[in-house]
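Below is one structure, written out as structure tokens; the observations come after it.
The values are calculated or read from the model by the stated rules, or taken from the named source; none is laboratory data. The structure presented is a predicted model; accordingly, all values stated were derived computationally and were not measured. Don't worry about glycine lacking a Cβ; one is built from the backbone with ideal geometry, like all the others, and counts go over all protein chains shown. With ligands, DNA and RNA removed, areas are computed over all heavy atoms of the protein, side chains included. Shrake-Rupley method; radii C 1.70, N 1.55, O 1.52, S 1.80 Å.
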Amino acid sequence: MQITALSGGVGGARFVRGLVQALAASPGASRGDGEPTQLTVVGNTGDDITLFGLRVCPDLDSVLYTLGGGVDEDQGWGRAGDTHALLAELAKLGVGPEWFGLGDRDLATHVARSLWLGQGLSLSQVTERLARRWGLPELGVRLLPVTDTPIETHVVVPDEEGGERAIHFQEWWVRHGARLPASAFTVAGLAQATPAPGVLEAIRSADLVVLPPSNPVVSIGIILGVPGVRDALRGTRAPVVGVSPLIGGRPVRGHADACLAPLGVEVSAAGVAGLYADFLDGWLVDHADAGAPYPSRLPVQATDLLMRDVPGATRLAGELLDLAGGLSPGRGRRAVDAGPAAP
Ligand code: GDP
Ligand code: CA
């Protein structure tokens with residue numbers, strides 16, 4: 001059994017941790033062959049930013065730290081018990097920015113990554129080294145950046161002269177708390193980006209593709225924008241099953257609502273499903289959203305969608321596996337995409 005998940009940061013990482021636990025509790029369950037399931041996580045790199053000369057990949061690191069047991073559980077990102085001596089010293093030297101929190105332990109990751117990138121390793125190769133540090137192979141998990149090509153999500157916001165300017169996604173999200181009205185998201189480098197080695201193969205040859213409850217615009221949306229990824233999802237034989245990141249029309253955390261608005265997409269579980277309608281075969285929503293109209297003939301299952309803790313995420317992942325197990329490959333996708341069958 002091969003499962004491929006497309007992941008952003010906190011929401012994706014927490015769900016994937018639950019998925020690892022659910023699979024460990026019932027090894028080979030979906031196939032009954034007793035072989036341990038291999039899980040490939042394709043991570044968003046649009047959030048990546050260069051700070052203090054260091055390459056920071058927040059979403060990949062959230063996955064690494066969460067699966068490896070080193071994450072700050074309250075934040076959902078960064079290292080547990082971290083200190084902030086280095087950034088404080090830099091601030092005294094007048095070196096910023098100060099609005100992006102990087103703890104001292106966390107910084108070791110960025111120093112190592114930047115060193116290895118400077119030595120000519122690809123981001124995939126660097127991520128593989130970091131994944132070994134965090135014990136991902138022992139969990140049966142492979143973490144792939146969606147692309148080795150540097151890409152950066154930018155947000156178009158108003159400027160002081162009544163025009164517009166583009167700022168880095170992190171400046172909009174972290175510094176401004178997503179309060180500046182966004183008119184568009186652009187991704188520098190995306191058109192020239194190629195999927196990292198193994199990404200398309202992991203989607204095409206999977207037995208199941210999972211969309212965790214990640215931000216549909218700036219996490220999943222960026223992954224889908226890397227040339228070839230969306231076509232691989234449309235073409236895979238595997239069922240593609242997702243979890244809504246919105247409950248009752250609101251993000252559980254973060255600013256997904258502020259990301260959907262510029263796209264003109266309804267801030268709802270149904271609105272997000274519509275973004276995936278060309279490849280989605282099954283959709284888990286919260287009880288609160290059970291009654292909404294979803295894309296025609298899309299199998300929708302309602303449950304408690306809140307991941308309060310690891311057992312809660314494990315339960316949710318188990319329900320996703322159950323939903324997927326009841327689908328025939330491509331069923332919903334054909335129904336949504338092609339309309340009535342030819343006579
Ligand atoms: P980020 O990169 O750290 O912003 O993380 P992701 O893109 O992976 O996930 C962010 C999304 O996860 C947000 O839109 C949240 O609403 C969603 N999310 C966080 N916790 C939960 C949860 O417990 N249940 C569900 N359904 N969604 C969640
Ligand atoms: Ca992110």
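Structure summary
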{"read-out": "Residue count for the stretch 196-213, restricted to those that are in contact with a strand residue (DSSP E or B) (Cβ under 6 Å, 6 or more places away or on another chain) and at negative phi", "value": "12"}
{"read-out": "Options VAL241, VAL218, VAL252: the member that is within 30 Å of LEU121 (Cα to Cα) and either in contact with a strand residue (DSSP E or B) (Cβ under 6 Å, 6 or more places away or on another chain) or at pLDDT 95 or above (or both)", "value": "VAL218"}
{"read-out": "Considering residues of the stretch 229-260 that are among the small types (Gly, Ala, Ser) and within 16 Å of ligand 2 (Cβ to nearest atom) only, the residue farthest from GLY12 (Cα to Cα)", "value": "ALA258"}
{"read-out": "Subset of the stretch 72-102 that is of a type in the set (A, V, I, L, M) and under 26 Å from the mean Cα position of the chain (by Cα) - its residue that is surrounded by the fewest Cβ atoms within 10 Å (Cβ to Cβ)", "value": "ALA80"}
{"read-out": "Whichever residue in the stretch 150-202 is under 19 Å from the mean Cα position of the chain (by Cα), among the hydroxyl-bearing types (Ser, Thr, Tyr) and open to solvent by 40 Å² or more (accessible area, probe 1.4 Å) and, among such residues, is farthest from THR127 (Cα to Cα)", "value": "THR186"}
{"read-out": "Within the stretch 144-161, tally of residues that are among the acidic types (Asp, Glu) and touching a residue at least 60 places away in the same chain (Cβ under 8 Å)", "value": "1"}
{"read-out": "Any chance ALA206 is open to solvent by less than 10 Å² (accessible area, probe 1.4 Å), more than 16 Å from ligand 2 (Cβ to nearest atom) and assigned to a loop (DSSP other than H, G, I, E, B)", "value": "yes"}
{"read-out": "Qualifying position, being within 30 Å of PRO197 (Cα to Cα) and either more than 22 Å from the chain's Cα centre (by Cα) or among the acidic types (Asp, Glu) (or both), among LEU117, LEU139", "value": "LEU117"}
{"read-out": "Tally, over the stretch 224-260, of residues that are away from ligand 1 (no atom under 11 Å from the Cβ) and either open to solvent by less than 10 Å² (accessible area, probe 1.4 Å) or in contact with a Pro (Cβ under 8 Å, 6 or more places away or on another chain) (or both)", "value": "12"}
